[in-house]
């Protein structure tokens, strides 16, 4: 985006779940690429730790937000628009894992807790981004939803996480179509075994489809951050609809 004085203004991104793991890695990579980045998350302290880095010259903006609360999402997105004047990218990343134990023992609140963040929260953020991107000048932007390899192939005992991630794929496909009218490109990144709070236990052994417990290789979250930046830096007339990045030897191809 070029300002009236001819100077190239930083593009503006929102990253949800930006305080740790994949969200943090993506936010840092975007900042290193010259983006202005709004860091959204439930805990403000890790967001402020990133935003306080002098290397980012006020381009990082920490905003507390629980994405499962539509009012909190609206307030956070409005704050970003007021601060930076527009929105060019949403990395729709915030998510939680599966409730523990067998789903036969879950309470309704445990099921809803996963759905509220992984599906409803992703929809609330996508909806708000559409409203901003479709009416700003210049019009348009990009949304990258964080799916998962579980959006394609489930793990044992993962019914809530898998169901929500399958639903994210539906959000991506429909939003990619609906976004064409507003120059909004929508894609999805499906990550397999990156170092994060959700995936760290995999190096210690996780159940496999054949009933065995096996350690699984992981990749550095920074690799995922680079993948997000690659997708983000494409011109709006090009889109990566689905992008898979995973540990080479993890059990995904042939899983089951």
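Read the figures in this text as sums done on the coordinates, not as results from a lab. Please read all numbers here as calculations on a predicted model, not as lab measurements. Every residue, glycine among them, receives a Cβ derived from its backbone with ideal geometry; neighbour counts consider all protein chains shown.
Take the alpha-carbon centre of the range 173-187, take the same for the range 17-71, and report the distance between them in whole Å. Centre-to-centre distance over Cα atoms comes out at 25 Å. Across all directions, the shadow cast by the convex hull of the chain built on its C-alpha atoms averages 13.8 square nanometres. Shape summary of the range 1-116, radius of gyration then Dmax from alpha carbon positions: 16.4, 62 Å.
Helix 122-133 axis versus longest C-alpha principal axis of the chain: approximately 20°, rounded to the nearest ten. The calculated FRET efficiency for the pair residue 240 and residue 103, based on their C-beta separation and a Förster distance of 25 Å, comes to about 0.15.
Sorted on the mean count of surrounding Cβ atoms within 10 Å across their residues, most packed first, peptides 112-124, 131-143 read 112-124, 131-143.
Based on DSSP H runs of at least 4 residues, each adding -39500 (n - 2.57), what is the mean residue ellipticity at 222 nm of the chain after dividing by all its residues, to the nearest 500 deg cm²/dmol? After summing the helix terms and dividing by residue count, I get -10500 deg cm²/dmol.
What angle, in degrees between 0 and 90 and rounded to the nearest 10, separates the Cα long axis of helix 159-178 from the longest principal axis of the Cα atoms of the chain? Once rounded, one gets 30 degrees.
Working from Cα pairs under 8 Å separated by at least six residues, relative contact order for the chain is 18 percent.
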